[in-house]
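See below for the structure under consideration.
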Amino acid sequence: LDPINQGLFKTILADFKERGKTILFSTHVMEQAEKLCDAIALIARGTVVLDGPLAQIKRQFGRRSYRLVASGDHSRIEETPGVEECSIHDSHCRVVLAEDASAADALRHLVEFLEIEEFSSEEPDLEEIFVSAVRNAGISMADVDDESEVQS
């Protein structure tokens, strides 16, 4: 949908919601689902791999991701105990912690070599959640390609 029709569609959906109506919206465009839906069902290869309220799902998958704005030796971030992944974007980094890692412990190590301006939890986007849910369900991403969708 183009931006004008997205706005119109959102208005129509809000009107239906206000009247207590349920709308089933199916899309392959995760960004649209994220903007328009309160609850989702992620389907891959005909299998529901994740479903529930979008806000709850984002909290569930977002516990390990942090936005880090800092100066110093960014190359050492991935060597930090508990850090599973670090991707550097312009002026900030996205740090993903291991399942069993503590954010407080990771932060204690990071301050040893970085001047930290910001360290805050970051909500993953629906595309990241979809990929993670599919992998957790044991479905190969190569098998998913054109058959993935979100229903709300």
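The values are calculated or read from the model by the stated rules, or taken from the named source; none is laboratory data. Bear in mind that the values here come from a model prediction, so they are computed numbers and not experimental data. Cβ sites come from the backbone with ideal geometry, for glycine too, and all protein chains shown count toward neighbours. Protein only, heavy atoms only, side chains kept; ligands, DNA and RNA dropped before computing areas. Shrake-Rupley method; radii C 1.70, N 1.55, O 1.52, S 1.80 Å.
Taking one quarter of the surface of the convex hull spanned by the alpha-carbon atoms of the range 16-106 gives a direction-averaged projected area of 8.7 nm².
Which semi-axis lengths, in whole Å and largest first, follow from the square roots of five times the eigenvalues of the Cα gyration tensor of the range 1-59? Mind showing how you got there, number by number?
Details: eigenvalues 88, 41, 23 Å².
After diagonalising the Cα gyration tensor, the semi-axes are 21, 14, 11 Å.
Per-atom-type breakdown for the range 57-142 gives carbon and sulfur 43% of the accessible area (1.4 Å probe, protein chains only). Under 5 Å from the amide H of residue 84 lie the amide H atoms of 96, 97, 98, each residue being 5 or more positions distant or on a separate chain, with H modelled from the backbone and absent for Pro and chain starts.
Rg over Rh of the range 59-123, using C-alpha atoms and the Kirkwood radius, what does it come to?
Numbers: Rg = 10.6 Å, Rh = 11.5 Å.
A ratio of 0.92.
Scaled against 2.2 N^0.38 Å for its residue count N, the alpha carbon radius of gyration of the chain is 1.25.
Below 8 Å between Cα atoms, with a sequence gap of 6+, how large is the relative contact order for the chain in percent?
Details: 216 pairs, mean separation 50.7, N = 152.
Computed value for the chain: 33 percent relative contact order.
For the range 42-120, a crude dipole built from +1 on the beta carbon of Lys and Arg and -1 on the beta carbon of Asp and Glu, taken about the Cα centre, is about 500 debye to the nearest 20. Calculated mean residue ellipticity at 222 nm for the chain: -10500 deg cm²/dmol, from DSSP H runs with n ≥ 4 weighted as -39500 (n - 2.57), summed, divided by the residue count and rounded to 500.
Rounded to the nearest 20 debye, the dipole size of the range 1-138 about its Cα centre is 800 debye, using +1 on the Cβ of Lys and Arg and -1 on the Cβ of Asp and Glu.
Candidates 9, 136, 33 compared by Cα position along the dipole of the chain: farthest toward the positive end lies 9, with charges placed on Cβ.
Can you tell me the accessible area per residue over the chain, all protein chains present, probe 1.4 angstrom, in square angstrom? Walk me through the numbers on the way to the answer.
Values: 9370 Å² over 152 residues.
Using a 1.4 Å probe on heavy atoms only, each residue of the chain averages 62 Å².
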